[in-house]
Amino acid sequence: MQDINKISIRKDVQDVVVYINDLFDTAIEKNFSDIHIETTKDFLFIRCRKDWDFEIYDKVSLEHLSTIVTRLKVLAKVKIDENKKPQDWKIVYTSEKAWETIDIRASTLPTIYWEKVVMRVLRQNDSLINLKSIWLFQNNLEKVENVLKSKYGIILVAWPTWSWKSTTLFSILKNFNPLEYNISTLEDPVEYNIDYVNQSQIKPEIWYTFASWLRSLVRQDPDIIMVWEIRDKETALLSIEAALTWHLVLSTIHTNSASATVQRLINMGIEPFLITSSVKMIISQRLVKRICSNCKKEENINENVREKIKKELQDIMEQDEINNLTFYKWIWCEKCNNTWYTWRQWVHEVLVLWEYLEKDILNMSPASEIHKIAVKEWMITILQDAILKAAMWETTLDEAFKLI
Ligand SMILES: [Zn+2]
């Protein structure tokens, strides 16, 4: 990130309407995912997230703070004078420059100086997601589509860090025509709106927790239920109950890997037989940086790295094939520094809970053991997935090996 002390403080914001429009236009142009407006005792600064990294957008004199925040609140049609309590609001912005309408979901939190505003930028093209757009390899895609055919059971997306889990959930959901099924979701927050899907926002402050809401929702004759996250035993049990009564339940769980997810459920207090009878599939995912096609250069792989690659891929590829793989490294150029070129690429591990795993889950074998068995049964590990995507010049080996 740039050195904030070297950036001078903007004294003048002539037209706040233009200023905010410019901010949103830049967010579209540079593909920022989040915009943070923060205050120190001397100035306010705006920094934006692109992939994982922050870029400082501007540093502005404090006298403009209230004009800027007020403008945002006007756009969001929320109370302007409320700055003592956290607030959530939404802005729909149409960029005349980019010919694009974006949804901006904002949250504010009072801090010691003022209030911090964080805005998530949701592009329309994000809502056109489907299973193909999250880059599942063909064999994984087939596995997922096969499991979805049965239309009941639990499908979990495992995520250790910020990894666009909602995109994956929605890409699965998009396989079902909402006019043919009763699809209901419990979300926190609601990020995308989908027609004919019954989306509910969880409000823990007024008793609506995932568990309490889920209990009411199953009485609504649903076919497919999407629960934002399973983080406690009660929600897990209700999801299992729904799955065992012929519903398809989609949810996410905070774990490191597909195999660790089984362990996590057991640690929550779920009986192993309930897991084997309800959970159909666990998709573990991470994001790696997508390489810039403008400046990428072929990378000379030394023996050491080549050996590492061989070791990882030997179960799924022939030696010759592995030797012929070529990789690219990232140079960094004007283009990837300044435009949308640096973008994300998904890597996955898809664990289908077939019978071959049943014995080990019932015996509560450690995650490492379950992983080993799954690999024997042709599960592509997340690292293999990433190395293969590096060999397809989608990402770099560096990014792949960062995963372990
Ligand atoms: Zn580049």
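Return the pair list, or none, for Cβ contacts closer than 6 Å from residues in the range 163-187 that are under 12 Å from MET226 (Cα atoms) and outside the structural domain of LYS50 (by TED's automatic domain parsing) to residues that are charged (D, E, K, R) and surrounded by 16 or more Cβ atoms within 10 Å (Cβ to Cβ), at least 6 apart or on different chains. Partner pairs satisfying both residue conditions: SER166/GLU191; ASN182/ASP223.
Restricting the first member to the range 347-376 and to residues that are touching a residue at least 60 places away in the same chain (Cβ under 8 Å) and in a loop (DSSP other than H, G, I, E, B), and the second to residues that are buried (at least 20 other Cβ atoms within 10 Å of the Cβ) and not basic (Lys, Arg), the beta-carbon pairs closer than 6 Å and six or more apart or on different chains are LEU353/VAL279. Of the residues in the range 282-297, none is in a helix (DSSP H, G or I) and of a type in the set (S, T, N, Q).
Being more than 16 Å from the ligand (Cβ to nearest atom) and outside the structural domain of ALA98 (by TED's automatic domain parsing): is that true of LYS297 here? Spelling it out, it is not the case that LYS297 is more than 16 Å from the ligand (Cβ to nearest atom) and outside the structural domain of ALA98 (by TED's automatic domain parsing). From the list GLU142, GLU229, the lone residue that is outside any helix (DSSP H, G or I) and either of a type in the set (Phe, Trp, Tyr) or closer than 26 Å to THR276 by Cα (or both) is GLU229. Only residues that are more than 27 Å from the chain's Cα centre (by Cα) and within 16 Å of the ligand (Cβ to nearest atom) were counted in the range 301-332, giving 0.
Tell me which strands (runs of 3 or more DSSP E) are completely within the range 146-206 and hold 2 or more residues being surrounded by fewer than 16 Cβ atoms within 10 Å (Cβ to Cβ), or say none if there are none.
The qualifying strands (runs of 3 or more DSSP E) are 198-201.
You will find that of LYS90, LYS79, the residue that is at pLDDT below 90, part of a loop (DSSP other than H, G, I, E, B) and not polar (S, T, N, Q) is LYS79 and no other. Sub-7 Å Cβ pairs linking a first residue in the range 127-143 that is modelled with pLDDT of 70 or more to a second residue that is small (Gly, Ala, Ser) and surrounded by 15 or more Cβ atoms within 10 Å (Cβ to Cβ), at least 6 apart or interchain, are ASN130/SER171; LEU131/SER171; SER133/SER171; ILE134/SER171, ordered by first then second residue.
The values are calculated or read from the model by the stated rules, or taken from the named source; none is laboratory data. This is a predicted model, so every value here is computed, not measured. Ideal geometry is used to build each Cβ from the backbone, glycine not excepted, and the neighbour counts take in all protein chains shown.
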